[in-house]
Amino acid sequence: MLTTIKGYYEEGHIILTEDAPVHSKTDVMVTFLTDDVQQKPAKRVPGGLKGKAELPDDFNEPLDDLKDYM
């Protein structure tokens, strides 16, 4: 079962603002939701993928699987 409950992190502790729906030892995963941007995104380079992808010569040709519908 996956359940999300709200809480906050303060001074090294996680404080839950809702009751957890479990009553025994259970594994949890914590995701921190922050507005802070830690890293600047890499600059995009125009043409950076040139030569890394190719389209087949028949790319725009109708597909044989769809002939019954055309």
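The values are calculated or read from the model by the stated rules, or taken from the named source; none is laboratory data. Nothing here was measured: the structure is a model prediction, and the numbers come from that model. Counting neighbours? That spans all protein chains shown, and the Cβs are built from the backbone with ideal geometry, glycine included.
On the given criteria, is residue 6 basic (Lys, Arg) and touching an Asp or Glu at 6+ places or on another chain (Cβ under 8 Å)?
For residue 6, the condition - basic (Lys, Arg) and touching an Asp or Glu at 6+ places or on another chain (Cβ under 8 Å) - is met.
Would you check if there is a residue in the stretch 46-60 being loosely packed, with under 10 Cβ neighbours inside 10 Å, among the aliphatic types (A, V, I, L, M), at pLDDT 85 or above and under 26 Å from the mean Cα position of the chain (by Cα)?
Looking for residues that are loosely packed, with under 10 Cβ neighbours inside 10 Å, among the aliphatic types (A, V, I, L, M), at pLDDT 85 or above and under 26 Å from the mean Cα position of the chain (by Cα), one finds at least one in the stretch 46-60, hence yes.
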